[in-house]
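Peer 1: What follows is a structure written as structure tokens; I'll ask about it next.
The values are calculated or read from the model by the stated rules, or taken from the named source; none is laboratory data. Quick caveat, the model's predicted, so the values are computed rather than measured. Methodologically, a virtual Cβ is constructed for each residue, glycine included, from the backbone with ideal geometry; neighbour enumeration extends over all protein chains shown.
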Amino acid sequence: APTRQLVEELAAWVAARGFAAEPYHAALPRKQLAQTYHRFRAGACRCVVATIAFGMGIDKRDIRRVIHYGYPQSIEALHQETGRAGRDGQASECVLFANLTRPPSLLPNPSRSEEQTHICTEMLRKLHAYASSRSGCRARLLLSYFGEEKAGEWRCGSCDLCVSGPASSMDVTVDVAVLLRAVQQVWLLHTGGGLGSRPPNVVHALVARSSRRAQVSRAFALACIATRSSGRAFQTCWCRWVS
């Protein structure tokens with residue numbers, strides 16, 4: 001995890017679900033750190049939630065899974081940190097939990113120069129592109145990043161892209177048309193057809209928690225029902241969601 005606070009929160013969250021997990025970061029007493037380390041190596045503790053710096057210091061050859069909760073700071077860091085798993089030569093798993101719709105941001109560092117900030121930002125951009133890729137092979141992409149090219153159609157056969165195959169596409173033209181017509185109906189219901197009134201914030205109605213949400217959501221549901229289209233399943237889904 002990227003911060004000490006998040007380490008504590010995640011360790012508590014995992015432990016509350018019946019899985020032995022202990023936090024591991026620099027602010028903890030040395031005695032507690034030593035106990036956690038030895039318990040983990042002995043198998044008494046099956047999960048250690050650590051900051052990156054302390055996680056890299058764990059020497060255990062048979063770690064079966066490394067999970068990143070949030071982005072590392074670069075592809076190099078991801079490669080090095082996931083290397084903690086499977087050092088006994090047995091199959092292991094590395095998982096990245098991250099918001100792919102939001103590019104990662106730099107951790108605060110007041111001593112970082114403008115040039116260093118630019119370099120680090122570019123490294124994060126490349127990491128985000130790697131994590132967001134929906135085609136190819138993770139291992140091949142990683143090897144290519146480090147300058148090693150594989151011949152032919154080589155794939156690792158184990159990563160998420162190899163297992164799930166290429167991302168599928170969907171034609172949502174009809175659904176978007178239904179949505180736009182429904183928004184138009186909300187406008188008409190809200191203004192009575194006048195042009196001078198301010199339009200309702202439909203997005204706010206869908207995601208906010210307020211009395212205003214209920215008012216506009218009902219109008220949006222009525223608009224979906226009133227909208228005539230072959231996308232009836234779409235209409236039903238949206239009406240159920242906003243009700």
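Peer 1: Could you say whether any residue in the stretch 6-17 is in the same structural domain as F146 (by TED's automatic domain parsing) and in contact with a Lys or Arg (Cβ under 8 Å, 6 or more places away or on another chain)?
Peer 2: No: zero hits.
Peer 1: Determine, yes or no, whether A131 is more than 19 Å from the chain's Cα centre (by Cα) and assigned by TED's automatic domain parsing to the domain that holds H68.
Peer 2: no
Peer 1: For A15, indicate whether it is without any contact (Cβ under 8 Å) to a residue 40 or more places away in the chain, more than 26 Å from C159 (Cα to Cα) and either exposed (fewer than 15 other Cβ atoms within 10 Å of the Cβ) or of a type in the set (D, E) (or both). Break it down into steps so the answer makes sense when it comes.
Peer 2: On the way: without any contact (Cβ under 8 Å) to a residue 40 or more places away in the chain: yes; more than 26 Å from C159 (Cα to Cα): yes; either exposed (fewer than 15 other Cβ atoms within 10 Å of the Cβ) or of a type in the set (D, E) (or both): no.
Judged against the criteria, A15 is not a match.
Peer 1: Assess whether A27 counts as being assigned by TED's automatic domain parsing to the domain that holds P108, in contact with a helix residue (DSSP H, G or I) (Cβ under 9 Å, 6 or more places away or on another chain) and small (G, A, S). Steps first, answer last, please.
Peer 2: Values: assigned by TED's automatic domain parsing to the domain that holds P108: yes; in contact with a helix residue (DSSP H, G or I) (Cβ under 9 Å, 6 or more places away or on another chain): yes; small (G, A, S): yes.
Answer is yes for this residue.
Residue-by-condition table, conditions (1) surrounded by 14 or more Cβ atoms within 10 Å (Cβ to Cβ); (2) modelled with pLDDT of 90 or more:
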{"site": "I52", "(1), (2)": "yes, no"}
{"site": "K60", "(1), (2)": "yes, yes"}
{"site": "R84", "(1), (2)": "yes, yes"}
{"site": "R87", "(1), (2)": "no, yes"}
{"site": "T101", "(1), (2)": "no, no"}
{"site": "R125", "(1), (2)": "no, yes"}
{"site": "R138", "(1), (2)": "yes, yes"}
{"site": "E153", "(1), (2)": "no, no"}
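Peer 1: Pick from L106, L96, L141: which is without any contact (Cβ under 8 Å) to a residue 40 or more places away in the chain and in contact with a Cys (Cβ under 8 Å, 6 or more places away or on another chain)?
Peer 2: Working: L96 fails: in contact with a Cys (Cβ under 8 Å, 6 or more places away or on another chain); L141 fails: in contact with a Cys (Cβ under 8 Å, 6 or more places away or on another chain).
Testing whether each residue is without any contact (Cβ under 8 Å) to a residue 40 or more places away in the chain and in contact with a Cys (Cβ under 8 Å, 6 or more places away or on another chain) leaves just L106.
Peer 1: For S144, are the conditions met, namely being polar (S, T, N, Q) and assigned to a loop (DSSP other than H, G, I, E, B)?
Peer 2: For S144, the condition - polar (S, T, N, Q) and assigned to a loop (DSSP other than H, G, I, E, B) - is not met.
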